[in-house]
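Accompanying notes for the structure given below.
Computed from the coordinates by the stated procedures, all read-outs in this text should not be read as laboratory data. Being a predicted model, the structure only gives us computed values, none of them experimental. Ideal geometry is used to build each Cβ from the backbone, glycine not excepted, and the neighbour counts take in all protein chains shown.
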Amino acid sequence: MVSMLRSLLVGSLTAVATFTVSQYVTAPSVQTRSTNLSAASAPNFGVVPKFPWGVFVDHNASLAASVTGGVAVGGRLLTHGSHALSTRVECTTNACGSTPLAFGLVHQVLNLDSTRWANLTPNMTVYLSTSTIVLRGTNRSLDVVDLNKLPSANFSLRISAPSTATVLINVAPKISKDLDRLRATVLPVSTIPTLIWNFGNIKDLQLPPVTFIGSVLAPEANVIGSADINGDVIAENLRLSGAKAMTIHDNRDGFRGVLPQYPVTRVGVPVVATGTQPKVPLRIMAAAPKNLSIIAQGR
């Protein structure tokens, strides 16, 4: 449980989690009241040890896929087709196992992280041609790029970065609808587990009809895909289907990169661990770079 607490890169963090109403924790068969649901219910993404769910969906998911790791779905999980979900589901509305998960809180923290990571200073070089994008990074820890322009036709993406680096691609909302023109991603094998696409503030995301290389961070998006995904998937809603069986390489084979972590300094929200969203808006406050305070207002 301690490993799941939100932490800083330079030291430990004690998060204050004072909730204003009673919380509920779902066990496999019974619902129990908890007065001590804490930041442990909001595991970190982009740290070691890894985020425990390779697929995290705040609302509903429809999957016709094989998933190699854990799945957490805050709303309704629908599996269908001859190649239905073949993983052990870690957490849904009706069964969360032994560890409670505050879906609303996790969703907000992921939104905050996505926003702050989108504001990191780019340090990669971008080369754009009529059919290719080349990204080159030299930082051994974190290489960041703001992707705000794509070729006008189908294209391939080539990535060059040190084997130790986490590669963060921040995708501008204005080009996200054209990402389905991506036909190939070429990169060192060592980079695949540390590559993440950040689709913050994007509401609808259609993944390309080829194997998508890299993890998908789209906490506000309705994500649709029809091919394999080699990475973790974080979405508002998720629908994956295709003519053949697809595999989401998550949890075991997914994102292993390390990203900057910021502390949640004050929490004063009603939190529901079963995935049912409370009627009142969720609201958390978190410390940001340069001592700014960021307020995330839920629906």
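Looking at the square roots a ≥ b ≥ c of the eigenvalues of the Cα gyration tensor of region 155-266, which shape do they give, rounded for a/c under 1.5, prolate if a/b is larger than b/c, or oblate? Don't skip to the answer; put the middle values down first.
On the way: a/c = 1.42, a/b = 1.11, b/c = 1.28.
Since a/c stays below 1.5, the shape of region 155-266 is classed as rounded.
Provide the gained length on full extension for the span Asn119 to His80, in nm with one decimal, where the gain is 0.36 nm per separating residue minus the Cα-Cα distance. All intermediate terms of the calculation are to be shown ahead of the outcome.
Working: separation 39, 0.36 × 39 = 14.04 nm, distance 3.85 nm.
Fully extending the segment from Asn119 to His80 adds 10.2 nm.
On a C-alpha basis, how far is the centre of region 122-190 from the centre of region 45-78 in Å? Whole number, if you could?
25 Å
By how many nm would the segment from Ser141 to Ser156 grow when fully extended, if each residue of separation counts as 0.36 nm and the alpha-carbon distance is taken off? Don't skip to the end; give the middle numbers.
Values: separation 15, 0.36 × 15 = 5.40 nm, distance 2.48 nm.
Difference between extended and current length: 2.9 nm.
Let's see if you can work this out: charge +1 on each Lys and Arg Cβ, -1 on each Asp and Glu Cβ, no other charges. What is the dipole magnitude of region 173-242 about its Cα centre, in debye to the nearest 20? Working shown, then result.
Values: 6 positive and 7 negative charges, 41 e Å.
That gives a dipole near 200 debye.
Find out how many positive minus negative residues lie around Val126, taking Lys and Arg as positive, Asp and Glu as negative, among other residues whose Cβ is under 9 Å from that of Val126. Could you put the intermediate results ahead of the total?
Values: positive: Arg136, Lys149; negative: Asp146.
Result for the local shell: +1.
Which far-off residues, 5 or more places away or on another chain, put their amide H under 5 Å from the one on Ala184, with H placed in the peptide plane?
Amide H to amide H, under 5 Å and 5 or more residues apart or across chains, Ala184 pairs with Leu157.
Residues in region 167-190, backbone N under 13 Å from the label point at Ser131 (7 Å along the Cα-to-beta-carbon vector): list them, ranges by number please.
Under cut-off, by backbone N: 183-184.
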